[in-house]
Every structure is written in C-alpha cells, then in structure tokens.
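Here the structure is laid out as structure tokens; the discussion comes afterwards.
The values are calculated or read from the model by the stated rules, or taken from the named source; none is laboratory data. All of these numbers come straight from a predicted model, not from anything done at the bench. Neighbour counts are summed over all protein chains in view; Cβ atoms, including those assigned to glycine, are modelled from backbone coordinates with ideal geometry.
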2 protein chains.
Amino acid sequence: MTSAVKPGRIPAAPSTASLLSPEAVAALRDAIGADHVCTGPEDLDRYSRCTIPWERRCGAVVFPGSAEDVSAVLKAANRHRLKVWPFSGGRNWGYGTTLSTEDGAVVMVLHRMNRVLEVNEELAYAVIEPGVTYGQLNAHLKQHGYKLWVDCIDGTSQGSVIGNALDRGVGETPYGDHFGNLCGIEVVLPDGSIVPIGGDDHGPKTWHLHKWGVGPYLEGMFTQSNFGVVTRAGLWLMPEPEAYNSWVFEVKDASHLPAVIDTFRQLALQGILTTKLHMINDMVSLTVVAQRIEQHRTGGGYLSPDEVEALRRQYGIAAMTCAGGIYGTQAQVRLQRRILKRALGRHGRLLFISDRMLAVLERVISTAWKYPAVKAVVERVGGASLQVLDSSPHVHRILQGIPTDYFVKHAYYRSRRRLKTDQAISPALDGCGVIWFAPILPFTSADMLPFMDRARRRFEEANLDFWVAVLVMNPRSVTCLMNILYDKDDVDEVRHAEELYATLVSDMRAAGYQQYRAGLLAWSSLHDGAEPVRKLNGTIKKALDPAGILAPGRYGID
Amino acid sequence: MTSAVKPGRIPAAPSTASLLSPEAVAALRDAIGADHVCTGPEDLDRYSRCTIPWERRCGAVVFPGSAEDVSAVLKAANRHRLKVWPFSGGRNWGYGTTLSTEDGAVVMVLHRMNRVLEVNEELAYAVIEPGVTYGQLNAHLKQHGYKLWVDCIDGTSQGSVIGNALDRGVGETPYGDHFGNLCGIEVVLPDGSIVPIGGDDHGPKTWHLHKWGVGPYLEGMFTQSNFGVVTRAGLWLMPEPEAYNSWVFEVKDASHLPAVIDTFRQLALQGILTTKLHMINDMVSLTVVAQRIEQHRTGGGYLSPDEVEALRRQYGIAAMTCAGGIYGTQAQVRLQRRILKRALGRHGRLLFISDRMLAVLERVISTAWKYPAVKAVVERVGGASLQVLDSSPHVHRILQGIPTDYFVKHAYYRSRRRLKTDQAISPALDGCGVIWFAPILPFTSADMLPFMDRARRRFEEANLDFWVAVLVMNPRSVTCLMNILYDKDDVDEVRHAEELYATLVSDMRAAGYQQYRAGLLAWSSLHDGAEPVRKLNGTIKKALDPAGILAPGRYGID
C-alpha cells in the first residue's frame, strides 16, 4: 500500500522501522492474517499524517475484516499491551485523521468491513458495517431502486457513515443528527467480547427500529469515547418525499443578522425548519471557489475587509449565505415556501430550487462555461459568478443525500500547490493545514453574534482568515463551526494556528460554552473543571478496559 | 402519614416492626433528619402496595429534600449495607409502584424535591426536580403565562415528569418521547458523588439545549437501570402552536385494520403524523366509561364477543378508535386535515376538534347530563353515548399537555368497590389489580395483527378481558400495550393474571420481540438469551456500585 501523492510535512519519528516488537507484530499477524497487518515505512507514513499540527507515528496498521477479527486484534493487544486506535474510514480531517495520542499505536482501519447487510424500504432503515461510505451507501440505494435517502455530510463522500455518527457528526436533512438516527449497534468491547447492544444474540425484530431498547440505553457510551469498537449499526433512512426544494438565502447585510438568526430559531421550534440549516460567511464560499494562490496575494496574513469585499464583488458572494431543504407533499412544500418567504423576505434574497429547475440550471451553467458571452449574461441574471452558481447543484444534491467532494476544496485554500480539477481530494496526504473548532451555543443571536465577533478578532490577531459555518444542531442549539486554514509549510503560521485554537478554546470556556465534537488538540483538557464527569468516564473505562489498550486518551478518557 | 382508603390485599410480612436494625434507622435519621425517615407500620403498609401480584415489604421510607440528602442516604446505605430503592413519585402503577425485589428495602421517595428550577420560554425548556408532577408543571406554566406545553401521559396527573422519562414512558404530542426530550441531568452515583452528566460543575450554557454533550453520551445509562439517582433534569417543552386540532378516528371494522395501520406508518414516516398516536380497542373505552360491577355481570370470566358487542352498542363505542393531534400554523393545520381525510376517509369516521368546537361541545355535554331529552338528541347526533362523548374534551386537552386522572379509571374496572365521582384516584392503595405488558413491535400490520390476535386468545384462555392500546413510539415501531385487569380479591383470578403475563412474555420472545418497558414481574428473566448484554450491565454495575446497594435487580441488573 503506497501513497500516490507527494507527502506534505512528514512526522519526525523514525520512518524506517516499526515501533512494535517482533512478537507483537507476529501476534497481530496471527490474529487476522499477515496480509492485513502493515508495518512498512510507506504505510506507517501514510497513516501518520493529518491536517492538524500534531505529530505521532503509528507502529502498525491493521485491517480487520470482521467483528471476530477486531476481537482477535484486541485480545492480542491485551496480551502484548499494545494501544489500538480504531478508525472506521480514517477521513476525520481537521480533528485527527488516523493519528493517536502517542507514538507506536496500532492503527486499526475498518474499511474492509464495508458490507451493506440489510436495507428495509418499508421501515426505512439499513444495517451497515463501519467501512461503508456515504458515496457507497447512496450508490447502493440508487442501484437497487430503493426510494430511500441517506443523509450525508457536506464533507467528503469517502467518509464513513458509522464513523461520522459515532463522532456525532451532523448532516443536512431532517435526518442530519447522525447519532440520533443510529439504532441498534454491535460493539466489540476491549476484552474482545462481541455485544449486540440493546438486542439479544440475534437481535429482536425491533433492534433497528426502537432506539432505546430495554434496560439501560448504552449506545451513547460508544460515541466520542474509547469504550468499544462498533462493528455494525442500524441507520434510519429518509423516505423519498413526494416533493423537495432546496433553498438558498442571502442575508442583506450584517444589520439583519439578529433578526434572521432569531427567526430561524422560531421556525425551527415551530417544526417548520426541520433540516440542519447551514449559515456560512463569505470566507467559506471564497475558500470553496478559489485557492489563496489564485487571489494575487503572495504574502501571509488574513485578507483585509477591503480585500474580502473586492473578492465578494468579483465572485458575487454574500456576507452571509444560508441553505436548507423543504420536503413533503407538493402542497406541503408550497406552503413551506410561503412561510419562509413571509418570514425572511425583508431580510435578504431567497431562492428556491426544485429538481426541474436544477436540470435547467445545470444546462445553463455548462453552456456558460463554454461561451464567455453566455457566461456574462448568466452571471448578471444569477447575481453571482459562475463559480458560485456552480455550487448550487451540489447544495441541492447534498440536501437529498447525494454526497460530493466539491466542498472539501476549502481544505486546499492555503496550500501552496494548485488543486487540479481531476485530483482526488485528500487533504491529509496532500499536506493541507486544517483545524476544526466546533463550539456549541444556544440558538440565539444574543449568544451567537458576540461570540463570533470575538472569534473574528482572534483570527485576525493570529493573522488568519475568519471562516465560520453555523450548523443548526436542533431548534435550541447551533454549532458555530470554525475552520482554521493555515499553510502547513510555514512554520510561523503553524504556530499561529495552534495558538489560535488554544485561545478559541479558552474564550469558549470563559463564555460558558463547550465543544460539540473535539479533536486530538482538545482532548487532554476536555474535562477541565468537570472533575465528576472525568471520574465517571474513568471508572467506566477501568471496568471495561483495565489494561487501557483501546485508544487511551481519546476524548480525554484514560 | 396514613392511608385514607380501605386497604386492598395487605402484604403477608410482619406489619408491626421495621425490618431494619436500630443502627441502620439511626444512620438514615442522621443522614436526612428524623422527620424524613418513616418506619411506622402504616407507612410501611402504604409503600408496600402495588397493583401487580407481588408482595414485598419495605423496611423504611425516606424522603430526601435535595441531591445532598440523596447522597447522604446512599453513603449511609453503603456503610450499613442497606438496599435503597429510589422512586420519583411512586405512581408507577401496573409495573411496580414503590415495591422492590426483596423485603426490607429502604424506599426512597423524591416527592419533596419538587422545585421547578428554571423555565426558558425563548429556548423552550424547563429544569425540574424529580418530585415535579405533570399536573404541577402544567399549572406552573399556565400560572406564569409561558406559551409552552409540557407533554403529559394519559395516566395520572400525579405522575413524576422525570420518573416517567427515566422509565422511558411515552406521552401524546410531538414531544411524547419523554426520555428523548430530557436534556442534561444531574445524577447521584451509588457512592454518593453528585455528577452533572454532560456538564461541568456549573453546567455549560448548552447543558439543557444539546442532548449529547461532549465525550461519551451517558444519560441513557441512567434510564431503566440502577446506576444512579437522577436529582434534576432539563426537559424540552413544546412551544404553543398557532393552531391545534385533536382528531378521533373510528375504524369501520376489522377488515380495514391492515390498511389503517400501514397508512399510519406511511404518514408517520413522511413526517405528517408527528404525535404518539394511540389506537385503542373497545375494552379500553369500556373500562374507562364503566366498571364491571355496573355491567350486570356478577361472575368472573371475560366478556363474550356478544356481550362486548352489546356494550359497544349501548355506549356507542367503535371496535378500534384512534386519536392524535395536529399542530402548526392555521394553514398547516388545514393542510394536515386534508391529508388525513384523504388517507383515512374510506376506512372509517374521522372527527376533528378545535379549541372553539371544544367549548361548544362542553356546553352541550354539560346540558345533556341535566336533561334526558337533550341527552337523547346529543347521543344520536354524536353517534356515541354521553359517557363516550364526555371523554373527548379530556383527549383534546391531553394532546395539548393538560393532564387528567380521567383515563386511569380503567384501573378500577375489576374492582368490587364502586368508584365514586369525587374519589381521588389511587389504584395501588385501593387494591386494584392492574399489570401492564408492553411489547414493542415493528410498525407493520403484518407484525402487529397476528401478534394481537394470539394475545387475545391468551387473554380468553386466562378468562380475562383483552385490553390493548397501540402507541406509536416512532415511525418504525409501536408498543402494543396490554393491560391485565384482574380482581385482586379473587385468588384464582390473581393466579390467572400472573400466568397470563408469563405466557405473553414467552409468546413475545418466541416471536422475536421485546418489551419497551418492564415491571418487577419481568426483570429476573429480562436478559435471558442476551448474555453479553447482561454481562456488560453487570460490569458497569459492579464498577459504580460495588456493594450493590442501589435497587439491585432493577431491570435485571445485579
């Protein structure tokens, strides 16, 4: 297994030998077969890369093919006191990819376990293994003609459906709470025992239908933790609605933001907005449509307000753009359009896109790319550059569960290498600098706006561009997801990025907020000030994993 | 504290002395004050009663007033090896009330902890203590003018909001998944430590806004278990909608049931039906409007189909009646009415009730009770007896979160004592015989109808009336909630009821289903055939409660 791309910054640790003893390597090979245990330097390099400023070198990479294989690896780890770090797909860019807290870990990647075990159209669910990606599951549903949609992320189509749900990631549609829509899981505990959580040996017929089971509800224990390895899960799918529209809303100017935010909350509380609505600032759009090296800026530093303004005009980008979907019968969708228009109309420009409109739009865009005259007309009528208009089909499709790598282009914003059109997206291997910071806030303008204002100042102090996407988690809370995009080849900028992250965490804590999801950079201090929680986590960890072999330190649990 | 009602069957154990040592009683008194520790025979009697055939006598009853009190009781229990059984309100009739698995337990009732700590209208949640009842919280919201509804059960208004949620009970409205709408809890662990699950010492500002917190999601562990005592919780409330209709649907006859059930599933999956829709059979209605002793039947045995048919005609009751609510803007409610009419029209009679109609209906009913001539007209026009019409305002109110004891009257169906109109409802103290059996099934007619048919035969074999209410748990699963109503003064009938329960559990298991919620009668065999789950529960229990002081055996965990 070799990396096809030019490496970015390579970890400093020795790259020629495994950090594991020959006995340990032999035990892993015995457990799952020599073909599925890699210790060669190129493999170790590949799985020791990340987009965050973190350097750890793994000792081996193993690829189990079944829950029994996972069990065998964990048993070998207990005997040889190895640290095993499981990853469903290993695409968790910006949080940690496949890195661990210490050198010499056994990275366990589950991508061989990629079977779709069951799809039930009548009851709208699937049962899958952790290696199944958004792209694969969506293709599977389409190929077999199931009238079901799988909610996806706006990150990569290569992402693991189960992996994202276990990190409690969020998507787009009314099924966008990925953990909330997981139902019935099989877990391998650190001692190697295989437990169908919430079910008996073969699982009752409601194992994937009723989320809480009977007796204590334990599935949540296995998210954002290191208590076990999930080897299969039921996932609720969204029945294809009779009608669907995506919508895009461009906020007029900053003075309308308080009203827009509070209106969105009210619409969500009333059950009118049911999607994981996204609100993105101008930098988010800019980083998707262009790389910094194209922007005639050679030096470092963040773009000044004037420069951003000029680029916004150049590309036709609003200061704040929102997007969501509405679903239902034809009449319900019509009614929701009316309600949204009435609520938002005075605050900006609202555009609805139906499947039929999309087909027309795509033909127009494709023609416009070929003929400059058409391009000029389309851009004037559309009120945006062709680059921006080009993104609307992707938005429309993502909101019906069709994933794309289109939006991950933002990861390359600060890269010194030009991203080619046909290039496979792989920010970790390509040496991109990306750190996600994901604080969760009450869904009120009074909480969100001052917090984002201060964060913007922090970004500017660090000489980095302020990038924020607000994701509605539920009608009561939002994640103000910030992306620290930095040049990994610039030592100073790496340091600034690291310091900025620490400052943002500290500001967040002082303001009384917490993260909804956290990466390697945050774990050691995650439970500072929450001693009773840390102790409870530790008590459970000790009971389930007395030797501490499974991802010690993950989410601050050891 | 004395029981005002004539006792039913009194437990056989000695009633004149506490089963605890004087040292243990002294330790409990030291912990929370002598006033809050009861060991008198009348108190022990009162808290040793239940509606199920189960006889255990408690050794003391304690009433802590705070989390610190709960902690002090648990610490004393660890020192003196006492078994402590916590109950929020102690109204869990039909499952276990305040009984435990063995004699001599310390019953800990939390009803003194009944503060509403916070109500936030903007973000639609409350923070409450476990002693807060549905009646109290609803009154609190109304008194302070909050435009928020608390979902309630159709059981008693005296029920604990937190207690029901921790047993994962369900209500009526779109907020009917009570545990699903709990967010941010404080727990006292068996060692006495107080842990704000998902929060730091003071709780981040999103503690009651974002359900999953950061790190492992542990709240579910403390439901249907014995891992800790929940001493406060956040609860999401439903914003008062612009418009609301309740609806009642009477299914034409049994031949329409498959289509009705599958239509309801489709409506739920499409997000059109959002309530915990109830479907009740004729016996449910009969047991609410009348007691058996009024029905000119003196002997035992179940009512024959002919007798049921005659009673249905007498009272104007359908074989199967469904009820739910629709909520939204005026236009949304109108649209939902149209969708329901189109989907259900051909299968039976569908009636919508608005707040305005309700006011008229109530005036008409109250007049009709006074004047026989009016009564006759109202009954003919309404197509039902005045007794049945009388229930519709209760249905309408429950679906907007206003609780009532009206429907609990069914518990008295087999009682030999006439229930008086002004009598406080208290089935356990009144010696009523009630056992709930709550299997959960896939939401398909193919699963539900054969299962209910067999259950009906089992009830008849046991010489008992078949009582079933289908509760929609989510768009994919339903609980076929059955009520074994029996005469607690008839030794044979008690035995039949007990045997029927065991048979139903065994049939359920053979068919591949499980309970959604289980009482004392079910716990010892709850995890039969699910050894890995039982072992995992046991490992966690041992880590958190090494001395086994907290409710050992609850939900099969010890």
What is the residue count in region A:347-356 for residues that are over 29 Å from the mean Cα position of the chain (by Cα) and either surrounded by 12 or more Cβ atoms within 10 Å (Cβ to Cβ) or within 14 Å of another protein chain (Cβ to nearest Cβ) (or both)? 1
With (1) away from every other protein chain (no Cβ under 14 Å); (2) buried (at least 23 other Cβ atoms within 10 Å of the Cβ); (3) not in a helix (DSSP H, G or I) as the list, and B:Gly163 as the residue in question, which single condition is left unmet? (3)
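Report the residue count in region A:542-558 for those that are facing another protein chain (nearest Cβ under 9 Å) and over 25 Å from the mean Cα position of the chain (by Cα).
Qualifying residue count, region A:542-558: 3.
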Name every residue in region B:259-284 that is within 27 Å of B:His410 (Cα to Cα), in contact (Cβ under 8 Å) with a residue 40 or more places away in the chain and not in a loop (DSSP other than H, G, I, E, B), in order of residue number. B:Val260, B:Ile261, B:Phe264, B:His278, B:Met279, B:Ile280, B:Asn281, B:Met283, B:Val284
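Out of B:Arg49, B:Arg81, I need the residue that is basic (Lys, Arg), crowded, with 21+ Cβ neighbours inside 10 Å and out of contact with any helix residue (DSSP H, G or I) (no Cβ under 7 Å at 6 or more places or on another chain). Which one?
Values: B:Arg81 fails: crowded, with 21+ Cβ neighbours inside 10 Å.
B:Arg49 is the lone residue from the list that is basic (Lys, Arg), crowded, with 21+ Cβ neighbours inside 10 Å and out of contact with any helix residue (DSSP H, G or I) (no Cβ under 7 Å at 6 or more places or on another chain).
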Tally, over region B:360-386, of residues that are part of a loop (DSSP other than H, G, I, E, B) and either of a type outside the set (Phe, Trp, Tyr) or modelled with pLDDT under 90 (or both): 3
For residues that are touching an Asp or Glu at 6+ places or on another chain (Cβ under 7 Å) and hydrophobic (A, V, I, L, M, F, W, C), scanning just region A:391-417, find the one that is farthest from the other protein chains (Cβ to nearest Cβ). A:Phe407
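Matching residues to (1) part of a helix (DSSP H, G or I); (2) surrounded by 19 or more Cβ atoms within 10 Å (Cβ to Cβ); (3) out of contact with any Pro (no Cβ under 6 Å at 6 or more places or on another chain):
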position: A:Arg313; (1), (2), (3): yes, no, yes
position: A:Ala323; (1), (2), (3): no, yes, yes
position: A:Tyr327; (1), (2), (3): no, yes, no
position: A:Leu344; (1), (2), (3): yes, yes, yes
Six or more apart or on different chains, Cβ atoms under 7 Å: show the pairs whose first residue is in region A:132-161 and touching a residue at least 60 places away in the same chain (Cβ under 8 Å) and whose second is in a helix (DSSP H, G or I) and of a type in the set (Phe, Trp, Tyr). A:Val150/A:Tyr134; A:Cys152/A:Tyr134; A:Ile153/A:Tyr134; A:Asp154/A:Phe407; A:Ser157/A:Tyr134; A:Gly159/A:Tyr134; A:Val161/A:Tyr134
With the checklist (1) buried (at least 20 other Cβ atoms within 10 Å of the Cβ); (2) of a type in the set (A, V, I, L, M, F, W, C); (3) within 14 Å of chain B (Cβ to nearest Cβ) in hand, flag the one item A:Ala497 doesn't pass. (3)
Region B:508-523: number of residues that are facing chain A (nearest Cβ under 9 Å) and assigned to a loop (DSSP other than H, G, I, E, B): 6
From A:Ala446, A:Ala424, A:Ala438, residue being modelled with pLDDT under 95 and out of contact with any helix residue (DSSP H, G or I) (no Cβ under 7 Å at 6 or more places or on another chain): A:Ala424
Note: among B:Tyr327, B:Tyr302, B:Tyr315, just one is touching a Gly at 6+ places or on another chain (Cβ under 8 Å) and of a type in the set (Ser, Thr, Tyr), namely B:Tyr327
Please verify whether region B:387-408 includes one or more residues that are surrounded by fewer than 19 Cβ atoms within 10 Å (Cβ to Cβ), more than 25 Å from B:Thr133 (Cβ to Cβ) and at pLDDT below 95. yes
Take the residues of region A:212-245 that are in a loop (DSSP other than H, G, I, E, B) and within 20 Å of the chain's Cα centre (by Cα): which is nearest to the other protein chains (Cβ to nearest Cβ)? A:Ser225
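Here is a yes/no grid of residues against (1) of a type in the set (A, V, I, L, M); (2) at pLDDT below 95; (3) farther than 21 Å from B:Leu481 by Cα:
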| position | (1), (2), (3) |
| --- | --- |
| B:Tyr244 | no, no, yes |
| B:Asp253 | no, yes, no |
| B:Thr274 | no, yes, no |
| B:Met279 | yes, no, no |
| B:Glu294 | no, yes, yes |
Output the residues belonging to region A:513-530 that are closer than 14 Å to B:Gly198 by Cβ and over 20 Å from the mean Cα position of the chain (by Cα). A:Tyr513, A:His527, A:Gly529, A:Ala530
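Every residue in region B:418-461 that is outside any helix (DSSP H, G or I), within 14 Å of chain A (Cβ to nearest Cβ) and in contact (Cβ under 8 Å) with a residue 60 or more places away in the chain, please.
Within region B:418-461, the first condition is being outside any helix (DSSP H, G or I), and the residues that meet it are B:418-444.
If we keep only those that are within 14 Å of chain A (Cβ to nearest Cβ) as well, we get B:436-444.
The answer is B:Trp436, B:Phe437, B:Ala438, B:Pro439, B:Ile440, B:Leu441, B:Phe443, B:Thr444.
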Considering only region B:174-189, state which residues are within 11 Å of chain A (Cβ to nearest Cβ) and part of a loop (DSSP other than H, G, I, E, B). B:Pro174, B:Tyr175, B:His178, B:Phe179, B:Gly180, B:Asn181, B:Leu189
Is it the case that B:Val505 is over 19 Å from B:Val408 (Cα atoms) and either of a type in the set (A, V, I, L, M) or surrounded by 22 or more Cβ atoms within 10 Å (Cβ to Cβ) (or both)? yes
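Determine, yes or no, whether B:Asp282 is more than 7 Å from every other protein chain (Cβ to nearest Cβ), farther than 27 Å from B:Tyr555 by Cβ and not polar (S, T, N, Q). Full working, then the answer.
Values: more than 7 Å from every other protein chain (Cβ to nearest Cβ): yes; farther than 27 Å from B:Tyr555 by Cβ: yes; not polar (S, T, N, Q): yes.
Yes; evaluated as a whole, the condition is true for this residue.
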Number of the exception - A:His496 against (1) without any contact (Cβ under 8 Å) to a residue 40 or more places away in the chain; (2) assigned to a helix (DSSP H, G or I); (3) at positive phi: (3)
Within region A:462-493, track down each residue that is within 22 Å of A:Glu172 (Cβ to Cβ), assigned to a loop (DSSP other than H, G, I, E, B) and touching a helix residue (DSSP H, G or I) at 6+ places or on another chain (Cβ under 6 Å). A:Trp467, A:Pro475
What number of residues within region A:231-257 are closer than 22 Å to B:Arg476 by Cα, surrounded by fewer than 19 Cβ atoms within 10 Å (Cβ to Cβ) and of a type in the set (A, V, I, L, M)? 1
Kindly establish whether A:Ile153 is under 30 Å from A:Val288 (Cβ atoms) and either at pLDDT below 95 or buried (at least 23 other Cβ atoms within 10 Å of the Cβ) (or both). yes
Residue pairs qualifying under the 7 Å Cβ cut-off, at least six apart or on distinct chains, with the first in region A:524-541 being touching a residue at least 24 places away in the same chain (Cβ under 8 Å) and more than 8 Å from chain B (Cβ to nearest Cβ) and the second being among the small types (Gly, Ala, Ser) and crowded, with 19+ Cβ neighbours inside 10 Å, are A:Ser524/A:Gly556
